[in-house]
1. Radius of gyration and Dmax for segment 95-162's Cα atoms, expressed in Å?
2. Project the alpha carbons of segment 177-236 onto their principal axes and report the range along each, largest first, in whole Å.
3. Would you rank 367, 454, 73 by solvent-accessible area, highest first, keeping every protein chain in place and using a 1.4 Å probe?
4. Can you tell me the length gained on complete extension of the stretch residue 223 to residue 90, counting 0.36 nm per residue apart and subtracting the Cα distance?
5. Please work out how much accessible surface residue 403 shows to a 1.4 Å probe, ignoring ligands, DNA and RNA, in Å² rounded to 10.
6. Restricting the calculation to Cα positions, tell me the Rg (one decimal) and the Dmax (whole number) of segment 421-572 in Å.
7. Given a 1.4 angstrom probe, I'd like the percentage of the accessible area of segment 474-602 that is carbon and sulfur, rounded to a whole number.
8. Within segment 139-204, what whole-number % of the accessible surface is contributed by carbon and sulfur, with the 1.4 Å probe and all protein chains included in the calculation?
Amino acid sequence: MGHLDRFFNRKAINFRGCFHGLCVVVFIVLCFNQGGYKGDDRLSLTSNHTGLGSLEIAKTTDCSGLNQHKGYENECEYLKANPQCKAGGFFYYLDFFYCDSQNIVPLAYIALGIWLVTLFYLLGNTSADYFCCCLEKLSNVLRLPPTVAGVTLLPLGNGAPDVFASIAAFVGTDNADVGLNSISGGAVFIICIVVGTISLAVADQAVTIDKKCFVRDVCTFLFAIVSLTVILFVGEVNVGGAIAFVSIYVVYATFVAASEILRKKEEYAPLLPLANSSEGRLLTETDDVPHLVKSTVPHWMWGSNVAMYSEVHNHVLEDNRKPPWGWTDEETRNEESGSCFSCSKLLTWLEFPLMLPRRLTIPIIDEERWSKGYAVCSVTLAPLLLAFLWNRIYDGGQLGQDLIYICSAIVGCVLGVIAFMSTKADQPPQKMLLPWVLGGFFMSIIWFYMVANELVALLVSLGLIFRVNSAILALTVLAWGNSMGDLMSNVAIAMNGADGVQIAISGCYAGPMFNTLVGLGVSMLIGSWSKRPDPYIIARDSGLLCNLGFIVIGLVWSLVVLPRNQMKPNKVLGIGLIGIYSVFLFLRIGMAVVVGSLNGSS
């Protein structure tokens, strides 16, 4: 078995290296052909956008006439006459496809497909290797009890790709329907396909789910969906409404944390004299009062649904068994350490270009990954990255841009000198951890926003290229891509016994609920804030109502079947949920085809 494992590990390294190599090649091609943003196509702001609205990019006008290009010789000429179609991302995907790749269209399809996968990978990898690391450190620095971390920071780490893709859709490209379809489509996928797959996988184990927690989570999710439906029927949302929507999760998280803390106090209060012998619980005597030190959230749970994207951590469960996602290349590297050069080493180096920009701008103080050189560079270069993004948003003239870059360089140099003087080469900082953690947290969010905004811009462009509504691409491609980690990790966790099934099933409802309430809530809050005092208009879409309707159907099905089977997931639950999703998918695609035919005939 050891030789077989090493064989598959080596194959995984080779595949990963080839994938990174292709990603880098496509990135270079996009840069070479398009050269970033050009002159007059700078991102702009309308004059009434202030505050949080400063993040908003000028709304892309309707480019539905691109494929017909009436009055123009071809699509490229249409794009040259309508430069507003290019806004929304770092690259001009439509220019690349219609102008730069006119004679190599098949290769253009392949390049855009590889770049789409790359952006999904960057979202998941940024969450797994950077954002979740910062959240875990933040939880430790703030000394959050595991329950509090479990309903606040942990869902944020696991749902970060969905949340920031939604925010980018609302704010970055002003395509609210993309964000709404992505979140709601992902929710249908998780509560139907993921829960259904788990139910089929553990049907023979007769595992019992905690009824009280299940009913609480499902009912709260149902209330959230009803509230979102009301907002869609109204067709607009203001700042107060968005805050009220987010507050649903705040109330839920507070109730869960308070209930769990009270439960643990009641459970362990009589056992305090024996607490030092229980697992992970220690007693400390301060002020003559014994205090229970909470055990931290297990490391593997910080980003369990994006573990498949991780390159640096070997996620190990409590019984020391490696989960079936990802790969471990330590043994393979040890075997090849004697050779000066190998194909695997070359392919491993191909990962470097995708990792380096983030490593040089996101401060990381994880013990396993500590590097003083990277730490100093990250605090030095992070202000320059922020200056670059600021100058893309605001057109302050050449002098204003130069001043921003100079000020950022000065700030970065000062921070770099402080970091160099206050850190050691052999271990991460032991004091003043909060600034480091917050810096990594903030810069991870910046990278999330950049990648998510680019992903949404690419989906919009692909919608025009394939003549498919971008909302349908969000419902399928974006939702599936962001939910694939949930499918693999939750099924893997569920296969590790009764506790694993409980964690996996709970995550299948808590995750989409967090994405809906916090992801869409924050998106609507930023959007409504940018439009104040006017409300943020959300176009009424029967497709979105269909999404929400199938979420309700999936939740109600689980709420009926599980209690009737003594809270034991079975094949009836699994087959029913997968069937519900199949009907949902065919119905939504059918609706898109009908609408597209009507638009084409008109």
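The values are calculated or read from the model by the stated rules, or taken from the named source; none is laboratory data. Because the structure is predicted, anything quoted here is derived from the model rather than measured. Using ideal geometry, Cβ is built from the backbone for each residue, glycine included, and neighbour counts are taken over all protein chains shown. Just so you know, the surface numbers come from the protein's heavy atoms only, side chains and all, with ligands and any DNA or RNA stripped out. Shrake-Rupley method; radii C 1.70, N 1.55, O 1.52, S 1.80 Å.
1. Cα radius of gyration and Dmax of segment 95-162 are 19.1, 59 Å respectively.
2. That gives 47, 25, 12 Å along the principal axes, largest extent first.
3. Values: 367 120, 454 5, 73 150 Å².
Reading off the accessible areas and sorting them downward yields 73, 367, 454.
4. On the way: separation 133, 0.36 × 133 = 47.88 nm, distance 3.84 nm.
Residue separation times 0.36 nm, minus the Cα-Cα distance, leaves 44.0 nm.
5. Here the accessible area works out near 100 Å².
6. For segment 421-572, the Cα-based Rg and Dmax read 20.9, 64 Å.
7. On the way: 3710 of 5280 Å².
Result for segment 474-602: 70 percent of the exposed heavy-atom area is carbon or sulfur.
8. Values: 820 of 1440 Å².
Result for segment 139-204: 57 percent of the exposed heavy-atom area is carbon or sulfur.
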